Structures are given as structure tokens and as C-alpha cells.
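Structure first, then comments.
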Amino acid sequence: MKAKNDYDEKKLTKAEVEKVKKNSQEFIRFMIEHIQRKRGIEIEKTKIRVKYGDKYGEVLLLGKNAYVIHDIDQEEKRITKAEILPNGGLGKITKSSLEDLEKELLKIEILSKVFIKEPIFEDMKKIFGKNVEILINY
């Protein structure tokens, strides 16, 4: 508050004002990066990575919906969406887009823990084939 009063009373030099602006911009940039990293880590906890054949896919469990990215290495990603059923499985799979996924990521409150039940493994076999492999900590 003293700095604000000094600024209002024109007791700060131009160099001091510029130094404060620079420091505040660095602080804001640092905080934004920190929040983005934290959010990224939270989102990583909701991902199930799979390997099927020579392709890699992801299933993101976001609240009541699951988003399936069929081939993460492909430039134009094919994304589908399904409701997560009470038994832990996936409901009807519908076509989705990267824009829908991004909107969901922005509005969803990420849970601290995500649990998966057996029916989702059966659904992954239906989506990716019977030889699907689950990747852990890659």
C-alpha cells in the first residue's frame, strides 16, 4: 500500500515505476505458467493411454463423459465421446471434435482421484480391438 500511496503522490521515479511493472509482469507470467502446469498434471491423472497394434490412443475421463482419441500420433485426430455409465462402462459412442474436448477441459472441475472399473476395459476392447494394452507411467 505504501508503494501505491507513493505512486499516487508522485514520489516514485520513472525508473522505480518501470522496475515495479517489470517485476509484476514476471510474477504474473510465473503464476500463469504454474497454474497451467498444475492443470496439466491434473489432466494427466484422468488419462488412460492405450496401445493397439502400432498405434497409441488415449481415453480422457472428464466428469460424466469420456473422450477417446483414437491415434494420438495422427495429425488430424479422430475423437469420439461417450457418457460414463454408473457401472463404470461407456455408453453410446458418438463422433466428437478437438474443439468439444477443449471446451470440456476448460469447464470441467478435475477430480483429485479418478477410479476405473472393469466395464471400461471391456469397452476399450470394443473400441481398440481385443489386443489393446494399457500403458502405465510412460
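The values are calculated or read from the model by the stated rules, or taken from the named source; none is laboratory data. Just so you know, these numbers come straight off a predicted model, no measurement behind them. Using ideal geometry, Cβ is built from the backbone for each residue, glycine included, and neighbour counts are taken over all protein chains shown.
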Scan of segment 97-131 for residues that are within 21 Å of K45 (Cβ to Cβ) and either outside the structural domain of L62 (by TED's automatic domain parsing) or among the hydroxyl-bearing types (S, T, Y) (or both), ordered by number: S112
Would you confirm whether or not segment 18-25 contains a residue that is assigned to a loop (DSSP other than H, G, I, E, B) and small (G, A, S)? no
Looking for whichever is modelled with pLDDT under 90 and β-branched (V, I, T) here; the options are I69, I93, I108. Which one fits? I108
Considering residues that are charged (D, E, K, R) and touching a helix residue (DSSP H, G or I) at 6+ places or on another chain (Cβ under 9 Å), the number found within segment 25-75 is 3
Being under 14 Å from G63 (Cβ atoms) and loosely packed, with under 13 Cβ neighbours inside 10 Å is the filter here; which residues of segment 81-117 pass it? P86, K103, L106, K107, E109, S112, K113, F115
Within segment 24-68, which residues are under 30 Å from E118 (Cβ atoms), surrounded by fewer than 18 Cβ atoms within 10 Å (Cβ to Cβ) and among the small types (G, A, S)? G40, G53, G63
